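Notes follow the structure.
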Amino acid sequence: MSDAPSAAARRPRVLSGIQPTADSFHFGNYLGAIRQWVGLQETHEPFFFIADLHAITMGQPDPAVLRERSRRCVAQLVAAGIDPSRSAIFLQSQVPAHAELAWVLQCLTGFGEARRMTQFKDKSAKDGEGSASVGLFTYPVLMAADILLYRPEFVPVGEDQRQHLELTRDLAGRFNHRYKKTFRLPEPYILRQTAKILDLQEPTAKMSKSASSPGGIIEMLDDPRVSAKKIRSAVTDSGSDVRYDEEHKPGISNLLTIFSALTDRSVDDLVKAYDGRGYGDLKRELADAVVGFVTPFRDRTLALLDDRAGLDAILGEGREKAVAVAERTLADVYDRVGFVPAGR
Ligand code: TRP
């Protein structure tokens, strides 16, 4: 109740987006990123959006699947603790200013500059040179538009988005210099200190939707019994003592990291608790902790998905907050570029 509008207005704004490219959040993105977003609501004014425009850059998913995944993203954000009354939660495609500003920024981006983006190089190599879409090429510029519209101070992203943040700052500076100071140069807020969750079957690689095998990844919306089983079958290391040692015991270290993230007990604490006991005990008890953690999350998410009107109301409220900010920025941009304003 301490949230008088004036107090909220003084809070630094943060913005981040997530692509609706999976049916479920997994432990990697949930424990690594989304949980941080929840904490930011206390101190910041957040804008969190589902980057559905970005989700069609690497081939087009079935329309019904894309819609379902977008809704699941929203429901999971709310189930995770993103509070629609504190944070604007919205869909990128419902705020046309994103695509509109992206066009203007594309005209300020050098072809060579865009081609240097390492994520584009990686992703287009996968599709085979020449078959990548122009949308994939300009993806970082759309991301710059996403950010600059809201003039955020911080943009929490993973390390893989750092170069896109740098491009965003370059484009903001270029526009400000060419025209007039319009954009705030956002700071990256690289989520590095957070738990790095690794593949359960290959604990030297990141847990990720694109790279992990089904047994290596825990999906938040999976049947909790399936997740418990995955923990019990996680790869462990030679020896039998439970200790944190990334180099010699990557499997056990990863389980300890997950355990710690789920329970807020420190790794040291856990190591002491399992001193003299074997891997089996650790796995069993972690499996129970996983079930206790994902069950309420899953129940909340499924309940939200069942309430289509409630979900639409959350998105409507978020869209309204987003449009109010984004349209103002876009109007400044159009004016400065020299577009004639529409008559009334
Ligand atoms: N590219 C980001 C990712 O894949 C998602 C994203 C799109 C984003 N627009 C953004 C993140 C703006 C932060 C700010 O993770």
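The values are calculated or read from the model by the stated rules, or taken from the named source; none is laboratory data. Remember, it's a predicted structure, so these values are computed and weren't measured experimentally. Note that each Cβ is placed from the backbone with ideal geometry, even for glycine, and that neighbours are counted across all protein chains shown.
You will find that of ALA309, ALA322, ALA313, the residue that is exposed (fewer than 13 other Cβ atoms within 10 Å of the Cβ), under 23 Å from the mean Cα position of the chain (by Cα) and modelled with pLDDT of 95 or more is ALA313 and no other. Among the residues making up the range 226-282, those that are among the basic types (Lys, Arg), within 17 Å of PRO203 (Cβ to Cβ) and over 28 Å from the mean Cα position of the chain (by Cα) are ARG243, LYS249. Looking across the range 97-114, just one residue is among the β-branched types (Val, Ile, Thr) and part of a helix (DSSP H, G or I), and that is VAL104. Go through ALA287, ALA303, ALA273 for me and flag whichever is aliphatic (A, V, I, L, M) and under 16 Å from TYR244 (Cβ atoms). One residue alone meets the criteria, ALA273. Taken over the range 105-152, residues that are under 29 Å from ARG328 (Cα atoms), among the aromatic types (Phe, Trp, Tyr) and buried (at least 20 other Cβ atoms within 10 Å of the Cβ) amount to 2. Of all residues in the range 23-50 being of a type in the set (Gly, Ala, Ser) and either farther than 30 Å from LEU286 by Cα or at pLDDT below 95 (or both), which is farthest from the ligand (Cβ to nearest atom)? Once the filter is applied, the top-ranked residue is GLY39. Would you say ALA55 is under 21 Å from VAL333 (Cβ atoms), aliphatic (A, V, I, L, M), within 16 Å of the ligand (Cβ to nearest atom) and in a helix (DSSP H, G or I)? No, not satisfied.
The condition of being within 16 Å of the ligand (Cβ to nearest atom) and at positive phi holds for only one of ARG151, ARG69, that being ARG151. The residue of the range 154-176 that is farthest from the ligand (Cβ to nearest atom), among those that are free of Cβ contacts under 8 Å to residues at least 60 places away in the same chain and among the charged types (D, E, K, R), is ASP170.
Annotation note: of ALA64, ALA99, the sole residue that is more than 16 Å from the ligand (Cβ to nearest atom), modelled with pLDDT of 95 or more and not basic (Lys, Arg) is ALA64. The set of residues from the range 213-250 being within 30 Å of ASP122 (Cβ to Cβ), in a loop (DSSP other than H, G, I, E, B) and touching a residue at least 24 places away in the same chain (Cβ under 8 Å) comprises ILE217, ILE218, MET220, LEU221, ASP222, ALA234, VAL235.
Every residue, every condition in (1) surrounded by fewer than 20 Cβ atoms within 10 Å (Cβ to Cβ); (2) closer than 28 Å to VAL333 by Cβ; (3) away from the ligand (no atom under 16 Å from the Cβ); (4) at pLDDT 95 or above, yes or no:
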{"residue": "TYR179", "(1), (2), (3), (4)": "yes, yes, yes, yes"}
{"residue": "TYR189", "(1), (2), (3), (4)": "yes, yes, no, no"}
{"residue": "THR204", "(1), (2), (3), (4)": "yes, no, yes, no"}
{"residue": "ASP222", "(1), (2), (3), (4)": "yes, no, yes, yes"}
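Only residues that are within 14 Å of the ligand (Cβ to nearest atom) and of a type in the set (D, E, K, R) were counted across the range 122-141, and they come to 2.
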